[in-house]
Structure formats: structure tokens, C-alpha cells
1. Can you tell me which of (1) in contact (Cβ under 8 Å) with a residue 12 or more places away in the chain; (2) not in a helix (DSSP H, G or I) is the one A:L308 doesn't meet?
2. Considering only residues that are under 16 Å from A:R630 (Cβ atoms) and of a type in the set (D, E, K, R), look in segment A:57-106 and name the one that is modelled with the lowest pLDDT.
3. Need pairs with beta-carbon distance below 7 Å; first residue closer than 12 Å to A:Y198 by Cα and within segment A:158-184, second among the polar types (S, T, N, Q); sequence gap 6+ or separate chains.
4. Cβ-Cβ distance below 9 Å, separation of 6 or more or different chains: which pairs start in segment A:266-285 with a residue that is over 19 Å from A:K59 (Cα atoms) and in contact (Cβ under 8 Å) with a residue 60 or more places away in the chain and end on one that is assigned to a helix (DSSP H, G or I) and basic (K, R)?
5. Name, by its number, the condition in (1) in a helix (DSSP H, G or I); (2) free of Cβ contacts under 8 Å to residues at least 60 places away in the same chain; (3) within 28 Å of B:G64 (Cα to Cα); (4) in contact with a Ser or Thr (Cβ under 8 Å, 6 or more places away or on another chain) that does not hold for A:L525.
6. In segment A:2-19, what residues are farther than 16 Å from A:P297 by Cβ and either among the β-branched types (V, I, T) or within 36 Å of the chain's Cα centre (by Cα) (or both)?
7. Please determine whether any residue of segment B:6-13 is polar (S, T, N, Q) and surrounded by 12 or more Cβ atoms within 10 Å (Cβ to Cβ).
8. Checking A:K300 against (1) farther than 26 Å from A:K6 by Cα; (2) part of a helix (DSSP H, G or I), which single condition isn't satisfied?
Amino acid sequence: MFRTEKMSKIRIICLQEDMENAIKALHNLGMIELRRSKLQLREDQQSDYSNKLNEFLIKVDGAVSILNSSIASDKKYKNAKLKNIKKAQTQNQKHLSFEELSKKINSDAKLSEVYELNTLRKTIEDELKLAKYAKSVAEKLTNIDINFSKLSSDLLHIKAFEFKNKDVKSILKKLSAIKNIEVIHAKNKSDTVLILAYPKELSLDEIVKSYDYTELDLSSKYLTGKPSQVISSMKKLIEKLESQNNSLMEKTKSLYESSIVRFLSYSEMLGIELSRSNASLVFKKTDYTSIIEGWIPTKKQKIITTTLEKSLNKKVFIENIEDKEELAPTLINHPKFLRSFDYMLEFFSLPKSDEIDPSWIFILSFPIFYGFMISDVGYGIMSLILATFIKRKTDPNGLMYNTATLWQINAFSAMFFGFLSNQYLGMPFNQFFTGFQGLNWFTDISYIAVISIVFGLIQILLGLVFGFINEYRHHKRKLAAAKLTSFILVLSGTFAIAGGLFGALSYNLTILSTIVAILSLILTLVLSGERALEVIDLISHTLSYMRIMGFGLASVIIAFLIDFAFTPKLSDGPLLFIFYLVIFLLLHVLNMIVSIFEGLVQGLRLNFVEFFTKFYEGGGVKFKPFSYKRVYTKE
Amino acid sequence: MSITLEAAIASIGAGLAIFGGAVGTGIAQSGIGSAGMGLLAEKPEEIGKVILFLVIPETLVIFGLVIAILIALSAGII
């Protein structure tokens with residue numbers, strides 16, 4: 001329960017001619033994270049085969065990317081894509097060898113067609129951009145009599161600048177002071193275009209750059225004739241290009257529908273072949289044998305051995321090796337519905353494979369802290385709805401999705417504690433179906449404070465026990481003893497405070513607890529060495545759990561105030577009733593959002609800061625088995 | 001409703017305890033927050049650690065709350 005999956009390192013030795021089969025078998029099993037052997041033996045360099053696979057993969061993935069981007073903005077095709085995937089799952093393509101696959105890809109006319117269509121579309125889009133620009137320039141100059149074809153000279157610069165109307169007067173004044181300059185105006189709504197003709201040796205940069213301006217490019221191939229002629233011809237051209245573009249888009253979409261699954265199956269097969277080819281480079285070799293090492297979950301060793309022996313006709317030797325230099329990767333095997341807790345743990349830091357795995361304590365305590373802080377059935381239901389909505393709209397591998405999953409799970413805890421506290425959007429409702437009145441956040445505040453501290457004590461003490469085990473395992477006996485004395489200090493200190501300040505214990509027991517606390521404090525300080533100051537954390541971290549009460553109280557009081565001021569009453573008339581109802585709901589949603597955010601952050605913080613710092617090192621590396629996932633093909 | 005002078009002074013004391021903790025938290029969080037935003041501009045994937053560091057000074061206001069509750073309890077306000 002408190003250990004990550006036990007891992008072993010194995011060495012596999014097989015005949016060179018069987019290497020390919022061994023890779024295939026290991027790849028299919030997906031249970032080993034490969035390592036290059038540290039034995040001083042020969043190793044292969046990048047092979048031609050890998051290069052060829054890469055070339056094909058780039059070609060296929062490029063086509064997939066073009067097809068995907070062409071339908072990215074079209075919801076209908078996005079849905080079609082999903083349908084296609086489902087279709088592919090029922091009509092799987094059999095895995096092909098590289099020879100068969102390369103022949104198939106080379107002869108696939110649709111693949112070349114995707115690239116041809118893409119080149120054509122790009123050319124048309126570029127032309128369209130030019131035509132639209134030429135039209136917009138011409139539109140700005142419609143009220144002057146010029147001919148674009150004549151706006152060129154070997155001796156003169158002919159440039160067009162667009163200025164704000166408010167600046168034109170000042171610019172013209174400056175330009176009038178310069179000799180040999182011809183200016184033509186074209187005033188529009190908010191801007192004025194000035195066409196300037198001046199000798200090439202003259203520079204107007206100094207004048208122009210002190211204003212807000214845009215230079216218009218008059219060199220476009222479509223700017224010929226008068227502005228009105230350009231506008232009319234560009235309108236026709238734009239219409240023609242847009243129609244061509246639409247027709248190409250339709251062809252691309254039709255290609256998407258007919259070919260995307262086939263291309264994805266190529267990509268999948270090539271990807272699998274490439275990872276197998278790359279795996280062969282991790283093997284070390286003698287004249288006749290190939291050697292590979294890797295980490296496996298210990299309980300899977302039997303199945304790996306049996307499968308390899310079967311695939312290689314028993315011509316394989318597998319041995320366990322001890323590697324003291326390398327720490328095993330971390331594998332945490334939790335049920336699927338708890339994946340979001342693992343995500344959060346990973347987000348913080350994974351436990352190392354040789355340290356205590358606290359994830360079950362985290363999984364149990366986090367919803368309790370969260371639920372206690374929210375303590376409202378109404379907020380629980382609302383956060384459940386909100387979290388379900390967020391999950392539908394976000395990426396299943398992203399932070400938001402996993403956070404929403406935690407909100408979903410924790411919403412039940414909020415409802416449970418809400419029932420215990422008799423809070424339904426800040427109002428009591430238990431009396432309608434049960435006699436249970438539960439905790440009152442206003443009058444039972446001292447009990448709630450004690451409950452919060454007890455939560456803290458349980459976690460801190462558990463953390464110290466874990467710390468003791470971790471330090472003991474790492475042969476740091478002195479620090480392990482310090483954890484033990486810290487444990488006694490926290491326990492006896494709690495008894496001493498409970499007896500001394502609150503009279504909860506007899507006089508003799510209080511004195512005894514105080515003496516034990518002082519002795520364990522001295523011992524902890526001596527044993528901790530340079531970490532002696534961490535003793536202060538024992539007090540501050542335990543008190544820190546009072547935030548459970550603090551944030552819970554804030555949420556409950558705000559809900560109470562909203563109810564006090566804005567509960568809608570039918571006696572106020574229909575208009576006021578609706579007005580109050582809207583304000584009432586809005587304020588409760590606001591309070592709920594603040595509460596669920598605080599509940600999440602503070603719940604995580606209590607685990608990651610107060611609890612984990614007692615024992616946790618983290619920094620584990622996730623186990624990444626040599627495996628693949630097939631969606632579009634089958635073995 | 002009448003309130004004794006002792007209870008009034010104790011209430012002010014409890015308020016000041018929270019006030020001090022809240023101001024301290026605010027000052028600490030402003031520094032951490034701005035540094036955190038700087039880090040996020042470079043490495044958005046570090047958001048988890050930034051949030052974690054950002055909430056650490058909140059312990060100060062919790063201490064304020066603890067003191068306030070102790071004052072309120074000893075003065076018989078709650």
C-alpha cells in the first residue's frame with residue numbers, strides 16, 4: 001500500500017539472429033524500460049533502416065498534418081474524424097512489414113495528391129492575398145486621377161504613405177519646404193494617402209518617421225491602370241481565386257474522409273517499426289549474441305521469461321542484475337478512477353522507487369480536507385455540475401481535466417460534510433428529512449478547531465513515522481532516531497498543551513507529558529544536527545491545519561450573509577423575487593468558485609507542504625515501458 | 001445588546017491579530033507572486049510549484065486566526 005511497484009533489473013542475452021524477434025516480443029509485452037548494458041561490448045550506430053523509416057514517417061505525418069489543419073475549423077469534419085477513428089477500430093489494418101509498407105506508401109496516389117493540393121492552395125492563397133492588397137490600395141486612391149502603370153521612374157522615388165488626417169497639415173508644411181518634390185493627396189475617412197515623387201538622392205525618412213504612418217506597396221503586379229480599373233479587375237480575380245480555393249478545399253476534405261484513416265495506419269505502423277529499429281541500437285553485441293538490459297515490474301518477470309522463451313525457442317538467457325548506481329524508475333499502479341490523484345502527485349514530484357509512496361494517504365486525506373472546507377451540500381452539487389462541464393470541454397491529459405476530476409470526486413465529500421454541518425447553500429435543511437442537526441459552524445467553532453488540529457496531528461505523526469522508515473531504509477540512523485523523537489515530541493507536546501491549557505488531562509499526566517516533551521525536544525535537537533531548526537516546523541505545520549477551519553468558516557459565513565441579505569421572497573412581488581433570485585444565485589456561484597479553488601489549493605498544500613516535508617524526497621522518474629498503442633492497425 | 005469594555009478590547013485585539021497576519025501574508029505573497037509570474041513567463045509548466053510557493057505564507061494569517069480565536073475564547077466572546 002505504501003510502496004511503489006517493486007522493480008527489478010534484468011539482462012537478456014539472445015542470439016543475434018533472434019534479436020528482431022526478441023524486440024518484437026518485448027514490444028508486444030510492453031513491460032520493460034530498456035537500458036543499454038554497461039558491459040564493454042560493441043554497439044550499433046544509426047542504421048539506414050531507421051533513416052528510411054524516418055523519411056517515410058515524415059512524408060506520411062506531413063500529409064496527416066495538412067489534412068488535419070485543412071479541417072481544423074470545420075466542426076462537421078472534426079466529428080467525421082472521430083467517426084473515422086471508430087470505424088478504423090472495427091476494420092483494423094493488419095500490420096505490414098517495411099517492404100510491403102514502403103511499396104504501399106510509394107504507390108499511394110492520394111498521398112502525393114495531398115501535397116499537390118496543398119502546394120496549389122498555398123499558391124492560390126498567396127495570389128489572393130496580393131489581389132486583396134492591390135484592391136485595398138486602389139480603394140484608398142479612388143478619388144484621385146492616377147495611373148499605377150505610370151508610377152515608376154529611374155530617376156525618382158515614387159512612394160505612397162498613409163497618414164492620420166490630423167497629421168497631414170503638419171506633414172504638408174514640412175514637405176513644402178523641400179524643393180523638387182511632387183505631392184498628390186487622396187483623403188479618406190480617417191486617413192490620407194500622400195503619393196510623393198522625389199529625386200532618388202533625397203531621403204524623407206526623417207520627416208516621415210516622426211508620424212504614425214503606413215507605407216503602401218505600389219510595386220504589386222496587380223496595380224496597373226487606374227484605381228477604379230484595378231478595383232473592378234481585382235473583384236473578379238478575388239472571386240475567381242476564392243472559388244478555386246473553395247473547390248480545392250472540398251477536394252482536400254474529400255481526401256480527408258477517404259484517406260485519413262489509411263494514412264494514420266501507415267503512421268502507426270511506421271512509428272512501431274521505428275521504435276523497434278531504435279531499440280535495436282540499444283542492444284550491445286558480441287560476435288554471436290545480442291544483449292539488452294531493462295527495468296521490469298518484479299511480478300511480471302515470469303511472464304516476460306515465458307514469452308521470450310516461447311518466441312525464441314528457448315534460445316535466450318535472462319538474469320537478474322543488481323545495479324547500485326541507478327535507481328529504478330517509479331511505477332504507481334492505482335485504479336483508473338484515481339488517475340487524477342496520480343497526476344497531481346506527478347505534478348508535484350513522483351516518489352523515488354525506494355521511498356514510501358504516500359499516495360494512498362493523499363487520496364484519502366485530500367477529499368476529507370476539501371469536503372470539510374466546503375461543507376455545503378448545495379456547493380457540492382454545483383461544483384459537481386461545474387466539474388462535469390469542464391471535463392467535457394478540456395483535454396483528458398491536461399491540468400484542467402484532472403483538476404475537474406478531483407473536483408468531481410471531492411464534491412461528494414463536500415456534500416457529506418455539508419450534511420454533517422446541515423448546510424444547503426448556507427441554509428439548514430436537515431430538519432425536513434432527519435432529526436440530525438450536525439455541527440454548527442457558528443456555535444461549535446471550538447470543536448471544529450479541535451477537529452482541524454486532530455487532522456493535522458494525524459498527518460504530521462504519520463509523516464514522522466514515514467520519515468523514520470525512509471531514513472532507516474537509507475541507513476541514516478541518526479536522522480531516523482530524530483524522526484522518532486520528533487514523533488514523541490509532537491504526541492507528548494499535544495498532551496501537555498491539552499492538559500496545561502485546556503485542563504483535558506490530570507495534573508500528573510500533564511507533568512509527565514511535559515517532561516517527556518522537553519526530553520524529546522532536546523534529543524531531537526541533538527540528533528537532527530544541521531536540520532535542528534525543522535523542530536519549529538512541527539508546531540507551525542500542526543497549527544497550519546487550522547486553515548481547514550479558517551477557510552471553511554469563511555465559506556459558511558459568506559453563504560450565511562448571502563442568504564441573510566438576498567434570499568428571494570414571494571411576498572416582495574414577482575419582479576423583486578426574480579431580481580433577488582438572480583443576485584442570490586450569482587453570489588452563491590461566486591462564493592462556491594472561491595471556495596472550491598481555495599479547497600483545492602489548500603487541500604493540496606496541506607498534503608504537499610505540511611505532510612510531505614516530514615518524509616518525502618520525491619524526484620522519482622516515471623516508468624516508461626517499451627510499448628506501443630495500436631488504434632488503426634492490428635498485429 | 002450591550003458589550004463590556006473587556007469584550008470590546010478583546011475583539012479589537014482579535015481583529016488586530018488577523019490584520020497583522022493578513023498584512024504579513026500580503027507582503028510575502030506580493031514578492032512571491034511577482035517572481036512566480038516571471039518564472040511562468042519562461043516556464044509555464046512550473047505553475048504547480050508557483051501556486052504551492054504562493055500559498056505558503058498563508059500560514060501567517062492562519063496564525064493570526066489562531067491567536068484571534070484564543071483571545072475570543074478566553075474573553076468569552078465565542
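The values are calculated or read from the model by the stated rules, or taken from the named source; none is laboratory data. Computed from a predicted model, the values in this text were never measured in an experiment. Here Cβ is always computed from backbone atoms with ideal geometry, including for glycine, and neighbour counts include all displayed protein chains.
1. Tallying (1) in contact (Cβ under 8 Å) with a residue 12 or more places away in the chain; (2) not in a helix (DSSP H, G or I), A:L308 fails exactly one: (2).
2. My answer is A:K86.
3. These pairs meet every condition: A:I158/A:S152.
4. The qualifying pairs are A:R276/A:K24.
5. For A:L525, the exception is condition (4).
6. Selection gives A:F2, A:R11, A:I13.
7. The answer is yes, given that some residue of segment B:6-13 is polar (S, T, N, Q) and surrounded by 12 or more Cβ atoms within 10 Å (Cβ to Cβ).
8. Going through the list (1) farther than 26 Å from A:K6 by Cα; (2) part of a helix (DSSP H, G or I), A:K300 breaks only (1).
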